[in-house]
Structure formats: structure tokens, C-alpha cells
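The values are calculated or read from the model by the stated rules, or taken from the named source; none is laboratory data. Remember, predicted model here, so these are calculated numbers, not experimental data. Because the Cβ atoms are built from the backbone with ideal geometry, glycine has one as well, and the counts that use them run over all protein chains shown.
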Amino acid sequence: MNSHQQQTTHLTLKTAKHPNVETALYTWFLQQRTKNVNISGEILQEKAKFFYEEITGRDDFAASSGWLDNFKKRFKIRQLTVTGEKLSSNFAAVDPFQKIFLNKVREMNLGPEQVYNADESGLFWRALPNKTLVHKDEDSAPGRKISKDRLTFMPCANASGSHKLKLFTIGKAANLRVFKNCRNKLPVIYKDQRSAWMNQELFKQWFHEEFVPSVQAHLKQIGLPPRALLLLDNAPSHPEQK
């Protein structure tokens with residue numbers, strides 16, 4: 001790339017109207033791709049609106065198709081067909097973490113019962129498959145508008161598999177009719193958030209109100225001291241490491 005091309009690219013990157021939002025979105029995008037999560041343009045648009053609301057406190061950002069095209073150009077994001085091949089593992093990043101993790105486990109004198117992991121995922125519960133069976137007279141299968149209705153859910157369990165917390169679930173609706181007489185009897189913990197995404201406020205609420213008391217009760221029941229380690233990734237919705 002010559003100096004003129006470099007300068008043009010640099011100027012193009014500066015045209016972002018909300019650079020903090022796009023930086024947060026791109027960081028999240030990279031995190032999802034390291035986990036082989038498939039990301040569509042619609043998901044990027046929804047997540048962009050979520051970050052915009054979190055950062056600015058407003059909800060007037062449309063994340064239009066034009067914005068999406070420019071965002072992908074700015075960050076050189078392209079589309080590929082999904083295959084069965086996996087990305088190669090980043091052993092350079094894994095090895096240092098492994099050492100730090102094992103040292104922490106030894107330092108705290110923890111066993112598998114006391115080591116937990118939690119991670120969020122999205123469920124597009126009304127999404128239809130992209131292929132369909134047709135009868136012999138059909139020569140095409142017209143598409144339908146893609147539903148963006150989604151839930152975020154977060155499982156959490158210990159390394160031994162003996163303790164699984166209630167599934168933490170986040171939807172857009174605050175008061176669903178179906179919950180009228182059974183909200184406190186659900187097999188999951190349900191919370192509402194405008195975009196149905198996890199944020200730091202909801203995560204801290206889950207940690208203090210669900211994780212801590214549930215883990216303490218479990219460890220007391222099996223006769224272990226109330227010490228535990230919770231493994232998380234560095235998603236923006238998780239509190240910063242102190």
C-alpha cells in the first residue's frame with residue numbers, strides 16, 4: 001500500500017460519527033469470532049444499537065444498512081461461507097493464561113467443586129432455517145423477513161458438574177403475560193433489558209444476588225470453605241478486572 005492509499009484509509013476511518021461505539025462493537029466482534037460464533041449484519045446492527053445506548057444513554061441511533069456497509073469497510077470485515085473447519089488455536093495466548101489460572105487455583109487451594117465458568121450466548125428463538133423442503137412443482141422458495149427476536153442466556157456451573165445455577169435469561173419485555181402467576185416459579189432467572197443484551201448492571205446483579213448465595217449454599221452443604229473462582233471472558237458486559 002502506498003502513502004496515498006494509507007492516508008486515504010486513515011481519513012476514511014476518521015469519518016465514523018460514533019467512534020467509541022464502533023470500537024466497542026469491533027472489540028465484541030473479534031471476541032465472538034475467536035469463539036467461532038457466526039455473526040450476521042443484522043446482529044452487528046442490533047449490537048451497535050445496544051452499545052450506543054450503553055455509551056450515550058440515548059436510543060436515537062438507527063444502525064442503518066448504509067452505516068453497516070461503512071462500518072464493515074472501515075474495519076475491513078468481509079463475508080465468508082461457513083465451513084466445517086475450525087480456526088487454529090492461539091496457543092500463544094492460551095499458555096500464559098493456563099499458568100496464571102493454575103497458580104491462582106493453587107494459591108486459593110481450590111478443587112473442581114470451587115471453580116466456576118459462566119458465558120453468555122444469544123438465542124434467536126423465532127429464526128427460521130435458511131433451507132426448506134419443497135414439493136415437486138416449486139422452482140423457488142421465496143424468502144421471509146428475518147426475525148430479530150432474541151434472548152440472551154448465560155449458563156454457569158462448576159468444573160465438577162455437581163452444581164449448575166439457574167439459567168440466567170434476558171429478554172426485552174419487562175412483564176410478559178405468561179409470567180403473571182408463575183414469575184417466582186420459573187426454572188430460570190428472567191430479567192429484562194431494552195435490547196435483550198447483558199450489561200454490567202445486570203451482570204453485577206446476577207453475581208451478588210444469584211451466584212454468591214447459591215455457591216455459598218452449595219459449598220456449605222458439601223463441607224467446603226466458602227471460596228470459589230469464577231472464570232469469565234473479557235466481554236464489555238463483564239466488570240473490569242481489578
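Residue-wise test of (1) hydroxyl-bearing (Ser, Thr, Tyr); (2) under 22 Å from Ile43 (Cα atoms); (3) not assigned by TED's automatic domain parsing to the domain that holds Gln31.
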residue	(1), (2), (3)
Ser162	yes, no, yes
Gln200	no, yes, yes
Lys204	no, no, yes
Pro239	no, no, yes
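Scanning the range 93-126 for residues being among the polar types (S, T, N, Q), part of a helix (DSSP H, G or I) and touching a residue at least 60 places away in the same chain (Cβ under 8 Å) gives a total of 1.
Residues in the range 199-242 that are over 24 Å from Ser162 (Cα atoms) and surrounded by 16 or more Cβ atoms within 10 Å (Cβ to Cβ): Asn199, Leu202, Pro236, Ser237, His238.
Every test in (1) modelled with pLDDT of 95 or more; (2) outside any loop (DSSP other than H, G, I, E, B) is passed by Lys73 save one, and that test is (1).
With respect to the conditions (1) surrounded by 17 or more Cβ atoms within 10 Å (Cβ to Cβ); (2) among the aromatic types (Phe, Trp, Tyr); (3) more than 17 Å from Arg150 (Cβ to Cβ), Phe51 falls short on a single one, namely (3).
Restricting to the range 217-238, name every residue that is closer than 30 Å to Trp28 by Cβ and either over 15 Å from the mean Cα position of the chain (by Cα) or among the hydrophobic types (A, V, I, L, M, F, W, C) (or both). Break it down stepwise before answering.
So in the range 217-238, the residues closer than 30 Å to Trp28 by Cβ come out as 228-238.
Ala228, Leu229, Leu230, Leu231, Leu232, Ala235, listed by residue number.
Out of Leu68, Leu80, one residue alone is at pLDDT below 90 and over 20 Å from Ala235 (Cα atoms). It is Leu80. The residue that is nearest to Tyr116 (Cα to Cα), counting only those in the range 150-198 that are buried (at least 17 other Cβ atoms within 10 Å of the Cβ) and of a type in the set (Gly, Ala, Ser), is Ala159.
Being among the hydrophobic types (A, V, I, L, M, F, W, C), at pLDDT below 85, under 29 Å from Phe211 (Cα atoms) and surrounded by 12 or more Cβ atoms within 10 Å (Cβ to Cβ), is that true of even one residue in the range 29-38?
As a first pass, look at the range 29-38 and keep what is among the hydrophobic types (A, V, I, L, M, F, W, C): 29-30, 37.
Narrowing the set further to residues that are at pLDDT below 85 leaves 37.
Among the residues that remain, those that are also under 29 Å from Phe211 (Cα atoms) are: 37.
If we keep only those that are surrounded by 12 or more Cβ atoms within 10 Å (Cβ to Cβ) as well, we get 37.
Within the range 29-38 (the criterion being among the hydrophobic types (A, V, I, L, M, F, W, C), at pLDDT below 85, under 29 Å from Phe211 (Cα atoms) and surrounded by 12 or more Cβ atoms within 10 Å (Cβ to Cβ)), the answer is yes, since at least one residue qualifies.
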